[in-house]
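The values are calculated or read from the model by the stated rules, or taken from the named source; none is laboratory data. Small disclaimer: the values here were computed from a predicted structure and weren't measured. For neighbour counting, all protein chains shown are included, and Cβ atoms are generated from backbone atoms with ideal geometry for every residue, glycine included.
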Amino acid sequence: MLYALLKTLHLLSVIVWVGGMVFVLFFLRPALAVLEVPKRLALMQAVLTRFFRAVMVAAGLSVLSGFWMMHRVAGQGAQIGVSSPMPVEWLVMAALGTLMVLIFGYVRVRCYPRLVAAVVAQDWPAGATALASIRRWVMLNLILGVVTVAITQAGVVG
């Protein structure tokens, strides 16, 4: 029962994170082109403030639930004398997920504060540069997220 609950929590966290990246990159950002640059940057900063809070929770839940499930399966394998009962896909998922968390951390700690500072200072060129940097890193994280889902669901590895 606990395993099923944690797996559901894990999947919902991934859906929020990856789905949010899809929404921001492919739907929100292009739609904002109708706004003037100051309004566009202020709105993106406000949206990212909320989204990054959600990602912090989603990433934390995803990591904690994922590692708990891996630990549980490894423990069960040890009880029956199996040294590595875990699918290779899980190890790939853990590695890519960890990389995604690190990239998010970089975006949140380094790139996002530059956007906030630029919006506060009304330095629109600096804001556009910061937002472009965030977009590139988020695109990379989206690609990693999609690859992770594809590998784990299709059993591509091993």
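For the stretch 33-48, the set of residues classified as free of Cβ contacts under 8 Å to residues at least 12 places away in the same chain and either part of a helix (DSSP H, G or I) or of a type in the set (Phe, Trp, Tyr) (or both) consists of Ala33, Val34, Lys39, Arg40, Leu43, Ala46, listed by residue number.
Figure legend. Inter-residue proximity from the stretch 127-145: first residues more than 12 Å from Met44 (Cβ to Cβ), second residues of a type in the set (D, E, K, R) and surrounded by fewer than 22 Cβ atoms within 10 Å (Cβ to Cβ), beta-carbon distance below 8 Å, spacing 6+ or different chains. Indicated pairs: Thr129/Arg114; Ser133/Arg114. Taking the criterion of being within 13 Å of the chain's Cα centre (by Cα) and of a type in the set (S, T, N, Q), the only residue of the stretch 34-71 that qualifies is Ser62. The condition (being hydrophobic (A, V, I, L, M, F, W, C), over 15 Å from the mean Cα position of the chain (by Cα) and surrounded by 13 or more Cβ atoms within 10 Å (Cβ to Cβ)) is satisfied by just one residue among Trp124, Trp137: Trp124.
Among residues of the stretch 1-22 that are free of Cβ contacts under 8 Å to residues at least 40 places away in the same chain, those with a Cβ under 8 angstrom from a residue that is surrounded by 14 or more Cβ atoms within 10 Å (Cβ to Cβ) and aromatic (Phe, Trp, Tyr), sequence gap 6+ or separate chain, pair up as Gly20/Phe51.
Of the residues screened, Thr98 is one that is of a type outside the set (Lys, Arg), within 14 Å of the chain's Cα centre (by Cα) and modelled with pLDDT of 95 or more.
I'd like to check which helices (runs of 4 or more DSSP H) are fully inside the stretch 86-158 and have at least 2 residues that are of a type in the set (Ser, Thr, Tyr) and under 27 Å from Arg72 (Cβ atoms).
Values: elements: 88-106, 112-121, 124-154.
Ranges flagged: 124-154.
Restrict the check to the stretch 4-26 and report whether at least one residue is over 25 Å from Thr152 (Cα atoms), part of a helix (DSSP H, G or I), touching a helix residue (DSSP H, G or I) at 6+ places or on another chain (Cβ under 9 Å) and hydroxyl-bearing (Ser, Thr, Tyr).
As a first pass, look at the stretch 4-26 and keep what is over 25 Å from Thr152 (Cα atoms): none.
Looking through the stretch 4-26, none of the residues is over 25 Å from Thr152 (Cα atoms), part of a helix (DSSP H, G or I), touching a helix residue (DSSP H, G or I) at 6+ places or on another chain (Cβ under 9 Å) and hydroxyl-bearing (Ser, Thr, Tyr).
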